[in-house]
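Only one structure is covered here, and it is reproduced in the block below.
The values are calculated or read from the model by the stated rules, or taken from the named source; none is laboratory data. Because the structure is predicted, anything quoted here is derived from the model rather than measured. We place every Cβ from the backbone using ideal geometry, glycine too, and count neighbours over all the protein chains shown.
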Amino acid sequence: MSSLTAWEIALQIIFQFTYVWIALAVTLAASIYYKDRLGLYGHLFDSRVGTVGLLLVLFWVFTAIFADLIITQDALAQVSGMKNKRPGTPVRGLEGAYYLLGGDNLARDIFSRMVMGSRSVLTIAPAATAFAFMVGITLGLPAGFRGGRLDTNLSFLANLVLAFPVILLFFLLVTPEIRSTGVPIYLAAVLFLFPVIFFVVLFQSRFYTQPMKRNLYVGVTLVLGLWAYSGLAFNADPLGVFYMEPNLLNIFVSVVFVNSPTVYRIVRGLTMDIKTRDYVAAAQTRGEGPWYIMLWEILPNARGPLIVDFCLRIGYTTILLGTLGFFGLGVSPESPDWGMTINEGRKLLSIYPHLAIPPALALMSLVLGLNLLADGLREQSLKD
Amino acid sequence: MLAFIFKRSGVMLLTALCLTFVVFFLTNLHPNLEKLAKAEGSMRMSDEQVQSWLDTRGYTQPLLVRYGEWLGVMPSYRYTKPDGKVVGRCIKPAMDPAVAPQYCGVLQGEFGLSSVFKDEVSTIVSKRLGLTGWLMLFVMLLMVPMALVIGVLAGMREGSKLDRSLSTFSIATTATPEYVSGVIFIVIFASSAVGLKWFKGSSASAMDTITFANFTLPVLTMAFYGMGYIARMTRASMAEVMTAQYIRTARLKGVSFPNIVMKHALRNALIAPFTVIMLQFPWLLTGVVIVETLFNYKGFGWVLVQAASNNDIELLLSCSVVAVFVVLVTQLISDIGYVFLNPRIRIS
């Protein structure tokens, strides 16, 4: 069998993504059809930048979902004789199978690894960002609303973390030695508590006049939250549903820790701005409690900038995860993590450029999509 | 103004103390010390031997005491060997313990010895910082003017075609971290297989003599990622200034558009980017580490990686001190500079 030409490779890759194209077309058609009812999301299609960004992001989301159907080879399998082979080389011993983007230095299929790599990024980055937002919101709202000593102390702490060079913090926090001392678990114990606190306070402040409803919501939050909390932070889930690899926990916690002070600063600034509005004064006159005002009056009105920052921050977290992988601190040495693949490929860059380019372009296009999406959202939310 | 600087400096000092303590704590965790003992002594030391190795060097004292010693506010630990010889951190070989100084920490300028490079930490760090200084200089010379020009051009006519394309370009650069753009640049410009072969993919030779061929790619890689952010900030600031009353007045007076931009808008539009550029320095540290690893340029970032991966505690601590110092000083300068540049705050 002869190798594929560049055109054949391109066609084959487009064909492999069939499910993604179908899913994209369906989503796009439905979104444009129901555009007027979808609020900010619908308005997004009015800006070209936002549409392009959304398409890029959705492309990678669907790729992560359908990864099993897209890959042509097992992402971890090593086929002898395929080491550093050029793109389009037929797989030895398998009729009609090709390494579409070539083989890496351990003779694994680069295309399949790139596709599978989207999974780990697209689960860790949004989740870590969401946790960072929980921490930032839960601390930033009272700091901005109350001010005073609470604000001074929390802001000092936030500035402390912000003054820490990110790369140094990673080198210190993501090491095998530190895992044995339990520092990541202590950090997780603190950071993972915030989502539970956030939702409990959220329901308590709203429904405390209706004890039945309150008990239901707060009860469900507590049961689910503490269940997940025990499993994720301490690996002590009695049912074994929630579990995180120690290495993954370490990375996750570090990324949340780095991101939350920035979110805190944004939320604090927004709160200080919004608390002077008339509707806050009206709520105060009605006799609403401070937490109700913060969570049900101020927070919904701060959503525009927060959604924009959420998109940007997922992109930034993706870059951070890539940086970690680049320095060999990634999730696990075998996993097809983009950053780690770039790191492995860069050593042979001048002879075999095809090793590092696919994951590099994948990471760049995902982050670019998120940034463009954020820009489109900003533009549209300012119009309202 | 003076009270402001005074207060800011106080907060900065407190931050520096807290941060160095955290770094000290994280580098001096027990597993790290154990690893150090085994690396310095022998790999096959038993647990008791490790313990006694740590004991004789004062590593088993309480953390705060050791932090004080490292800082130079506590007398350094001394140990009297069974044969009556006194050893300690402050007592250099061939030095009489009686005349050796009691305090030898960072405040006395003693940064200790690197366990990997077998040299004074201060000489290593100063040499490597010099190399990184050149890199930073060229990055700043390329990045700042480019970013400002892009930002001003994009911001002077908000919503125009020029604005849209330049804004998209700056978004694209912020989406391209150094390890992505570096890899792409190497493949395009330096790869021996497919590339243009204009530049070199390694900057190891730039440590002796900087040439166009060996230094362009690292500088370009670093400047590329940082540029977009500054450009976007400049654009936002410029766009805001262009809607101000005095710009409209100038237009109604009949001042030409280039004159409005150059004489009226630019000065006020550049206050905000100044802060951003100063705050960009700590960000650049990550870039320095990545670029120096990627291009094999043995500067400060490279040393930081070496120290972290080889458990070189003293060296890592000193690198952290330098990094934290740079961050805090640039923050201080940006705060003071903002007040100084902005007449509305300066005069009131």
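Here is how the numbers come out for the structure above:
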read-out: Residue match in region A:265-287 (condition: farther than 26 Å from residue A:322 by Cα, in contact with a Ser or Thr (Cβ under 8 Å, 6 or more places away or on another chain) and in the same structural domain as residue A:164 (by TED's automatic domain parsing)); value: yes
read-out: Inter-residue pairs, beta-carbon under 8 Å, first more than 14 Å from chain A (Cβ to nearest Cβ) and in region B:25-51, second in a loop (DSSP other than H, G, I, E, B), 6+ apart; value: B:40/B:115; B:49/B:41; B:50/B:41; B:51/B:60
read-out: Unique residue being touching a helix residue (DSSP H, G or I) at 6+ places or on another chain (Cβ under 8 Å) and either part of a helix (DSSP H, G or I) or outside the structural domain of residue A:183 (by TED's automatic domain parsing) (or both) when the list is A:224, A:232; value: A:232
read-out: Top-ranked residue in region B:176-201 [being under 14 Å from residue A:364 (Cβ atoms) and facing chain A (nearest Cβ under 7 Å); ranked as modelled with the lowest pLDDT]; value: B:187
read-out: Some residue of region A:198-219 being surrounded by fewer than 16 Cβ atoms within 10 Å (Cβ to Cβ) and small (Gly, Ala, Ser); value: yes
read-out: Filter result (over 23 Å from residue B:265 (Cβ atoms) and either touching an Asp or Glu at 6+ places or on another chain (Cβ under 8 Å) or without any contact (Cβ under 8 Å) to a residue 12 or more places away in the chain (or both)) within region B:141-167; value: B:141
read-out: Conditions (1) crowded, with 24+ Cβ neighbours inside 10 Å; (2) within 30 Å of residue A:46 (Cβ to Cβ); number of the one not met by residue A:297; value: (1)
read-out: Top-ranked residue of region A:342-351 - restricted to ones that are facing chain B (nearest Cβ under 7 Å) and either among the aromatic types (Phe, Trp, Tyr) or over 16 Å from residue A:330 (Cβ atoms) (or both), ranked as surrounded by the fewest Cβ atoms within 10 Å (Cβ to Cβ); value: A:351
read-out: Of all residues in region A:4-18 being exposed (fewer than 15 other Cβ atoms within 10 Å of the Cβ) and in contact (Cβ under 8 Å) with a residue 12 or more places away in the chain, the one that is farthest from the chain's Cα centre (by Cα); value: A:5
read-out: Candidate set: region B:8-24, residues that are free of Cβ contacts under 8 Å to residues at least 40 places away in the same chain and facing chain A (nearest Cβ under 9 Å); chosen: the one farthest from residue B:115 (Cα to Cα); value: B:11
read-out: Criterion: within 30 Å of residue A:290 (Cβ to Cβ) and of a type in the set (D, E, K, R) - qualifying residue of A:149, A:86; value: A:149
read-out: Region A:98-109, residues that are out of contact with any Asp or Glu (no Cβ under 6 Å at 6 or more places or on another chain) and either in a helix (DSSP H, G or I) or on the phi < 0 side of the Ramachandran plot (or both); value: A:98, A:100, A:101, A:103, A:104, A:105, A:106, A:108, A:109
read-out: Any chance residue B:128 is within 20 Å of residue B:283 (Cα to Cα) and basic (Lys, Arg); value: yes
read-out: Out of B:260, B:247, B:210, sole residue that is surrounded by fewer than 23 Cβ atoms within 10 Å (Cβ to Cβ), assigned to a loop (DSSP other than H, G, I, E, B) and out of contact with any Phe, Trp or Tyr (no Cβ under 6 Å at 6 or more places or on another chain); value: B:210
read-out: Residue list for region B:266-302, filter: buried (at least 24 other Cβ atoms within 10 Å of the Cβ), in a helix (DSSP H, G or I) and away from chain A (no Cβ under 12 Å); value: B:269, B:273
read-out: Residue list for region A:110-168, filter: outside any helix (DSSP H, G or I) and hydrophobic (A, V, I, L, M, F, W, C); value: A:164
read-out: Count of region A:162-185 residues which are more than 9 Å from chain B (Cβ to nearest Cβ) and without any contact (Cβ under 8 Å) to a residue 24 or more places away in the chain; value: 1
read-out: Of residues in region A:310-352 being in a loop (DSSP other than H, G, I, E, B) and aromatic (Phe, Trp, Tyr), the one nearest to residue B:184 (Cα to Cα); value: A:352
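Results for (1) on the phi > 0 side of the Ramachandran plot; (2) among the aromatic types (Phe, Trp, Tyr), shown as yes or no for each residue.
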{"residue": "B:284", "(1), (2)": "no, no"}
{"residue": "B:291", "(1), (2)": "no, no"}
{"residue": "B:294", "(1), (2)": "no, no"}
{"residue": "B:297", "(1), (2)": "no, yes"}
{"residue": "B:301", "(1), (2)": "no, no"}
{"residue": "B:305", "(1), (2)": "no, no"}
{"residue": "B:311", "(1), (2)": "yes, no"}
{"residue": "B:343", "(1), (2)": "no, no"}
